[in-house]
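Let me begin by presenting the structure, written as C-alpha cells, before commenting on it.
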Amino acid sequence: MNTHIVRSYDEDLKYLGNRLAAMGGHAERMVDEAVLALVNADAGLARKVIADDLFLDETQREIDDKAIVLIAKRQPMADDLREVVGAIRISADLERVGDLGKNIAKRVVAVTEGRQPLSLFRGLQALAELALNQLKDVLDVYASRSVERLVFMRDRDEQIDLMYTSLFRELLTYMMEDPRNITSCTHLLFCAKNIERIGDHATNIAETVYYVVTGEQMPIDRPKEDKSHKVVLTGEDVG
Amino acid sequence: MADTRRQEQTRRLLSLAAGRFANNRWMFGAGAAAVLGLASYAGAPKAPVFCALGFLVFAAFLAPNRPRGQRHAGQTAATDRGRLEGLSARSLAEAVGDPLIVFDRAGTAVHVNQAARSAFNATAPGLSLLMKFRAPEMQSAIERVRTGAVDNEVVDYTERVPIERVYRATVSAIGRGTGLNVVVFKDQSEARRIDRMRADFIANASHELRTPLASISGFVETLRGPARNDAVARDNFLQIMQNQTARMARLIDDLLSLSRLEMKPYLPPGATVDVRQVVESVIDSLAPLARESGVVVERNLGDQPLEARGDRDELFQVFENLLENACKYGQAGGRVVVSVEIAGGPAAEVAVTIRDFGPGIPEEHIPRVTERFYRVDVDNSRAQKGTGLGLAIVKHILTRHNGRLTIWSKPGEGAAFTVHLPAK
C-alpha cells in the first residue's frame, strides 16, 4: 500500500482491512460450524453459531462508522476511495453470510427431529464445501491482492448452482416418496438455498475485490442463475 | 549526595582491588619476597626497592582476575557468538522445516520461509497476517503478541478447505523491543486424519457392506432350508453369493485406498511427472479391459513430454479410474478418445481429457458424481462392478495436487472428463 504523509491515515485504512479480515474469519467459521451442527445434529454447536452472529453485526456497524468518518476526515482519492467503499460493501456481504449461517443453525433442531438418510447430508456437505472454498479463496485474494486468481471462481459459482439444482431435485423426490419427510426436507431445502446464497455473496465479494485492486469492473459474463426454478417432478421420476 | 557517591566509588574500587589481589596473591607474594630478598642481599638503597614493590602492587592490581583457561574459553565463546550474530535471520528461517513467518508490529509479513510459502500458497512478504489467518483464535493471538500484551501464545489453527489441515501455531515476540514477532506452525494434521479416517471408514463400510451381507445371509438361510435339495437353485445361489463377496472385497479395497490417500500428508512440492507417459502406461495396462468391452482407445497425445507437479502413482490411479469408467459406461459408443494438451492462460496447466461416446450423464447428476457412493444409475453401476468410490478417489487426489476435474456431458453424445493439473 502507498504511504501517505499523515501516518494515521495509513493506520486507519489498515484498521479497516484488519476488521474486515476478522469478520471474514468469523463468517467462515460460522458457516462451517452451522453445517457441522446440521450433519451431526449438534444443538449446542448450533446455539454457539447463533450467538456468534452478534460479533458480525457489531463489526459491520463499526466498519461502516469508521469508513464514513474516514471519508469525511481524509477525503480519500482513487485507490484509497475504492478501498474504503470496498470495505463497506464487503462487510455488508459478510454480514449477510453470517445471517445465512445463523439461519442454517436455527434449523438444526427442526431438521434432525426426524432422522434423514445420510446421503442427503452428504450432498449438503459437498455444497457447503464448495461455498466455503469459494469464500476462503476470495478472502485470500483480498489479502494477497492477486486478482488473477479470481478467474477460476466463476466456474466454481456455476458448480455451486448446478449442485444446488441437483440437491433440490433430490429433496423433492424424498418428499414425494413419503410425506413424513416433508418437514425436514423443506428445512434442508432452505439450508441448501442459504448455502447457495453464500456462494453468491462470495462472488459479489470477488467482484468488489477486483474493482478495489484494478479500478475496473469485472466483466459481466457470469451465468448467474440456478435452474431449480425449472425443476418439475412427475410421479414417474420417483418410480 | 556527593559524599555517598564518593563512598560508593571507593567501596567498589576497594572490593575490586581485594578481588584482584586475592586472585594474584601467590604471584604477588613471590614477587615481593624476591624483591625484598634481593634488596637485603645486595643492600640496595631503599628508594628503588620501594619503587619495585610499588610496581608489583600496581601490576597485581592491573592483572586480569581470570585464569588463562577461563579467559580462552571466554574468547572462543565470543567468536562463536560473533558467528551466530553474523548469521542472517533469513537463512535461519529458511533452514527451519516448519512453516515460519516473521512479522512486524503492524502485522505485516517481513519474511516468509519456504515451508510457509508452499503450505499457505503464495504468502509473499508485505502480506497482512491478520488478513491471511482469519480464524478468530489466530486473530486474537496475533493481536495480543503484536501489541505486546503477551510475549507468546499457542493456538490451534485449522484450515478446513480445500484439504483439512490442523496446525499448532506458536506466536511469539522476537527478543525485547525489536518490534518483530514470529509465528511458527507445527503440522498436527496426521493425528486428526487418523481419527477422521477411523470414523469415516466405519460409517461408510458398515453402511455399504450391509446390503451384500444381508443378501448373502438370506441365501445361506434358503440353501439350508427350502432349497436344500435343489441342485439348480443351489448353483444359482452360490454364483450370486460369490458375486456379492467379490463386490464386498472390491469395496473394502476402494475404501482402504481412499482412507490411505486421506492419511497421507499434504503433497510436498517438487516431485514432477511426465503426464503423457503416465497416460500412455495407463492405456497400455487397461488394454485387456478395453478389448473385453469392445472399446477402441484412440490416443491423441502429441509427442512432447508434459511435465506437471505431482505423484506418479496417484496420477496413475486418477487416469486409470477415469479410463476404466469410460470403457465401462461408454461401452455403447465403441470408442474412447484420450487427449492431452497444455492450456495457456494466467497459470499454465496440463489438461487431460478422456472422452467417451456412450449414453452420457444426465445434467442433474454431473455436479454430484464425485461424492462418495453417489451413483447415477445404481443397477448399471452394480452390474459394472462399480463401488461408487472411483470418482471420489479421483477428486481427492486432484485436490491434493491443486488440480481440478471438469465434466462435460450431453445425453446421447457421451461424456468428457478433463483433468487439469498445474504445469511445471
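Every read-out reported here was derived from the displayed coordinates using simple, explicitly stated rules and does not represent laboratory data. What you are looking at is a predicted structure, and each value in this text was computed from that prediction instead of being measured. All Cβ positions, even for glycine, are placed from backbone atoms using ideal geometry, and neighbour counts span all protein chains on display.
Only Lys, Arg, Asp and Glu carry charge here, each on its Cβ (+1 for the first two, -1 for the last two); on that basis chain A has a dipole of about 320 debye about its Cα centre.
All distinct Cα pairs of the stretch A:20-135 go into the 1/r average, and the inverse of that average, the Kirkwood radius, is 15.4 Å.
Relative to the compact-globule estimate of 2.2 N^0.38 Å, the Cα radius of gyration of the stretch B:239-396 comes out at 1.09.
Computed over the alpha-carbon pairs of the stretch B:192-263, the distance histogram in 5 Å steps reads 3, 16, 21, 17, 12, 10, 9, 6, 4, 2, 0 percent, short to long. When the alpha carbon coordinates of chain B are projected onto the principal axes, the ranges are 137, 59, 46 Å, largest first. When the Cα gyration tensor is reduced to axis lengths a ≥ b ≥ c, the ratio a/c is 1.5 or higher for the stretch B:326-377, and with a/b not above b/c it is classed as oblate.
Residues considered: B:Q242, B:Q75, B:Q317. Largest GNM mean-square fluctuation over chain B, using C-alpha springs under 10 Å, is found at B:Q75. Within the listed set B:V161, B:V171, B:V338, the residue fluctuating most in the Gaussian network model of chain B (springs between alpha-carbon atoms under 10 angstrom) is B:V161. Along each principal axis, taking the top coordinate minus the bottom one, the Cα set of the stretch A:7-238 gives 66, 40, 23 Å in descending order. If you plug the beta carbon distance of B:H207 and A:Q217 into 1/(1 + (r/R0)^6) with R0 = 41 Å, you get a FRET efficiency near 0.25.
When the Cα convex hull of the stretch A:103-196 is projected onto planes of every orientation, the mean area is 6.2 nm². Helical runs (DSSP H, four residues minimum) scored at -39500 (n - 2.57) apiece and divided by the length of chain A put the mean residue ellipticity at 222 nm at -29000 deg cm²/dmol. Restricting attention to the protein assembly as shown, close to 90% of DSSP beta bridges with both partner residues there are antiparallel.
For the protein assembly as shown, the convex hull spanned by the alpha carbon atoms encloses 296 Å³ per residue. Exposure proxy for B:F55, B:F185: other Cβ atoms within 10 Å of each Cβ, ordered fewest to most, give B:F55, B:F185. The mean count of C-beta atoms from other chains within 10 Å of the C-beta of residues in A:140-149, rounded to a whole number, is 5.
A Gaussian network model of chain B, with springs between Cα atoms under 10 Å, assigns the largest mean-square fluctuation among B:S88, B:S118, B:S189 to B:S88. Neighbour counts of other Cβ atoms within 10 Å put A:M163, A:M175 in the fewest-to-most order A:M175, A:M163. Working note: 222 nm ellipticity from helices only, DSSP H runs with n ≥ 4, each -39,500 (n - 2.57), summed and divided by the residues of chain B, gives -17500 deg cm²/dmol to the nearest 500. Entry for the stretch B:89-187 at q = 0.11, 0.22 Å⁻¹: log10 I(q)/I(0) = -0.27, -1.19, Debye formula applied to identical alpha-carbon scatterers, no solvent contribution.
In a simple Cβ point-charge model (Lys, Arg +1; Asp, Glu -1; nothing else charged), the protein assembly as shown has a dipole of about 3480 debye relative to its Cα centre.
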